[in-house]
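Read through the structure below, which is laid out as structure tokens, and then see the notes.
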Amino acid sequence: MARSVWKGPFVDQYILKKADAARASGRKDVIKIWSRRSTILPQFVGLNFGVYNGQKFIPVLISEDMVGHKFGEFSPTRTYYGHMADKSAKRS
């Protein structure tokens, strides 16, 4: 179920503070975040975020196409190696 429009998008406050500080300094450092549930806002465009996937921080450069999506969508938590049964069937 989607979030109500009158509430607005959810973003953790510490991400807004870190993004404002990065914009003010003008540095292109990676901003480490743990909040995969936060929504990407237009003011994040052009910034580098390191989104934690449970094991390491995945660098994500925010573009205009990502606005409105969640940070977790761009940091996969599982590695898909393919179907092992299919590979053994192809070898035979």
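Within the stretch 17-37, restricting attention to residues that are outside any loop (DSSP other than H, G, I, E, B) and free of Cβ contacts under 8 Å to residues at least 24 places away in the same chain, the residue that is nearest to I62 (Cα to Cα) is I31. Modelled with pLDDT under 95, closer than 20 Å to Q13 by Cα and more than 10 Å from the chain's Cα centre (by Cα), is that true of R23? It is true that R23 is modelled with pLDDT under 95, closer than 20 Å to Q13 by Cα and more than 10 Å from the chain's Cα centre (by Cα). Find the residue count for the stretch 54-88, including only residues that are in contact (Cβ under 8 Å) with a residue 24 or more places away in the chain and surrounded by fewer than 15 Cβ atoms within 10 Å (Cβ to Cβ). Total meeting the criteria: 4.
The values are calculated or read from the model by the stated rules, or taken from the named source; none is laboratory data. Everything numeric here is computed off the predicted structure, so don't read it as measured data. Cβ sites come from the backbone with ideal geometry, for glycine too, and all protein chains shown count toward neighbours.
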